[in-house]
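Working notes for the structure below.
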Amino acid sequence: MALPLALRARALACLTETDPGAKTQGVAALAAAAAAGTCTLDAAAVLHADDAIVPGRPARPELVPPRLVGRRSMATPEGRAMLVHALAHIEFNAVNLALDAVWRFAGMPDAYYTDWLRVAAEEARHFDLLAAHLRALGWAYGDFPGHDSLWEMVAKTSGDVLARMALVPRTMEARGLDAIPPLRAKLAQAGDEAAARILDVLLRDEVGHVAIGNRWYFHLCAQRGLEPVATYDALTAQYKAPVLKGPFNVAARRAAGFTDAEVARFDADPLDA
């Protein structure tokens, strides 16, 4: 009989995998094993990883500053492919950040690891959908450059799970709630209905992912006796996180669990999704 797999150690192994296809397949297999009860939840284990191999990345795409990624004109097939590639790159990084949330932070409740494994599996499906569509357009993941701003914030917050929950799902990923509807409209207007339908899946699932970030942020604030809004502002300043700028998808942010006090900030500059 096969021995049970250690969930967090396996998540770290998936994180260090450099081949995108092998990574997404590994995440799907891990999620299936967790659902079948054939892996153990090693919540208390203190794991270590070599920073040089975290996260595992393919040789391409080339990583450049955001300003050098290039324009994504919807008027040309290449411009539309560049946009799909940029979205695929975001989802690839999102797989990595969810896996990092699973392996890095010991001592959280069991549901925390279940939640973030779910995020990893859904982000892996998103990447696969976008990579397949990119191939249908005649391109492949890695054909265009990408930037690393999402992972940079993951690295900054590697020492504190509260900062991670505050500044990655609730800040960096939550921007997707605002950005996806206008991008979907552009792709649909350009005639790429297949890409538009993929973005519908992304928006639906990202609401749930940001909600998971909110759930654990508020849990940790309550555990530490911290007021959430003031703590968020303090963490934003401490870690030099991006300042929130509208327009905001207020409906999606409400659905993702932002509080009335937080939504009051967004309501000043709403986005009609």
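The values are calculated or read from the model by the stated rules, or taken from the named source; none is laboratory data. Since we're looking at a predicted model, the values are computed, not measured. Positions of Cβ are backbone-derived with ideal geometry, glycine not excepted, and every protein chain shown enters the neighbour counts. These accessible areas exclude ligands, DNA and RNA; they are computed on the full protein's heavy atoms, side chains included. Shrake-Rupley method; radii C 1.70, N 1.55, O 1.52, S 1.80 Å.
A few notes on this one:
- Förster-model FRET efficiency, 25 Å R0, F218 and S158, C-beta, rounded to 0.05: 0.75
- A DSSP coil position with no more than 10 other Cβ atoms inside 10 Å describes the following trypsin sites (Lys or Arg not before Pro) in region 32-111: R71.
- Once both labels are positioned 7 Å from their Cα atoms along Cα-to-Cβ, the gap between A106 and A261 label points is 3.3 nm.
- Solvent-accessible area, 1.4 Å probe, carbon plus sulfur percent, for region 168-271: 59 percent
- Across region 210-217, computed HN-Hα scalar couplings (Karplus, 6.51 cos²θ - 1.76 cosθ + 1.60, θ = phi - 60°) run 5, 4, 5, x, 4, 4, 7, 5 Hz from first to last residue, x flagging Gly and Pro.
- Per residue, the accessible area of region 153-273 comes to 44 Å², computed with a 1.4 Å probe over protein heavy atoms only.
- Hz values of 3J(HN,Hα) by residue in region 183-196 - Karplus curve (6.51, -1.76, 1.60), Gly and Pro given as x: 5, 4, 4, 5, 5, 5, 5, 7, x, 9, 5, 5, 5, 4
- Set of lysines with alpha-carbon distance to K240 below 22 Å, sequence-local pairs under 8 removed: K156
- Stretch gain in nm, segment A230-E78, where the contour uses 0.36 nm per residue and the Cα spacing is subtracted: 50.3 nm
- R0 of 30 Å, Cβ-Cβ distance A251-D50: FRET efficiency to nearest 0.05: 0.10
- Relative contact order computed over the chain (Cα-Cα under 8 Å; 6+ residues apart), in percent: 18 percent
- Long-range HN-HN contacts of T40 with modeled amide H, under 5 Å: L5, A6, L7
- Carbon plus sulfur fraction of accessible area for region 4-154, probe 1.4 Å, in percent: 57 percent
- On the basis of the beta-carbon distance and an R0 of 35 Å, A32 and R197 show a calculated FRET efficiency of 0.90.
- For region 225-254 and region 77-111, distance of Cα centres in Å: 20 Å
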